[in-house]
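I have a structure I would like to understand better, so I am pasting it below and will then ask my questions one at a time.
Every read-out reported here was derived from the displayed coordinates using simple, explicitly stated rules and does not represent laboratory data. As the structure is a prediction and not an experimental result, all values here were calculated from the model. Note: ideal-geometry Cβ built from the backbone for every residue, glycine included; neighbour counts use all protein chains shown.
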Amino acid sequence: MHLAALVCWCGALLGVVAALGRPGGPPDTQEAAAPQRTLFLLMATPAALVAIATGTGLFALVDGTPTWLAAKLFAVTLLATCHLLAGWALHREEHGEPLPSSPHLGLSAATASAMVGTLWLVLAKPA
C-alpha cells in the first residue's frame, strides 16, 4: 500500500506541476486551473497522506538502518516540500497572480529528483 500510494502521489504531483504556467489556456484562470486543482486535491494530496501514514507505520518494522531511514525521510521531506510549492503555485495561478517565469521547469526538476530519490530509497531498502 505504501509503494502504491507513493507512486500515485508522484504521478499526480508531476501532472499538476507539468500543467503549471502552460501557455494558451482559456482566458478564465480559475477555469483553466480546475483540472489541476481537482488532481491536486482529489489524488495527489490523499495519496501523499496515505504514503506518509503507511510509511510512518512501517518505521516499526525497520531494524537498525538509521542512515537509510534518514536518507529516505530527507527525500520524502523534499517531495512534500515540492507538493506544498505546487499547491502554492496552483493557488497563485488560479487567482491570476504572477508566477516566476517558467515555474514548472524548476519545480518539475525538483519534484522528479525527489521522486526518483524517494522511490530508489524505498526499493533499495537494506535487508
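Starting from a Cα-only point model with no solvent, please compute log10 I(q)/I(0) by Debye for the stretch 39-123 at q = 0.15, 0.26 1/Å.
Summing over Cα pairs of the stretch 39-123 leads to -0.62, -1.35.
Give me the distance in nm between label points sitting 7 Å out from Cα along the Cα-to-Cβ direction at residue 94 and residue 120, one decimal.
The two pseudo-label positions are separated by 3.4 nm.
While we're here: How many nm separate the modelled label positions at residue 77 and residue 18, each set 7 Å beyond the Cα in the direction of the Cβ?
The two pseudo-label positions are separated by 3.0 nm.
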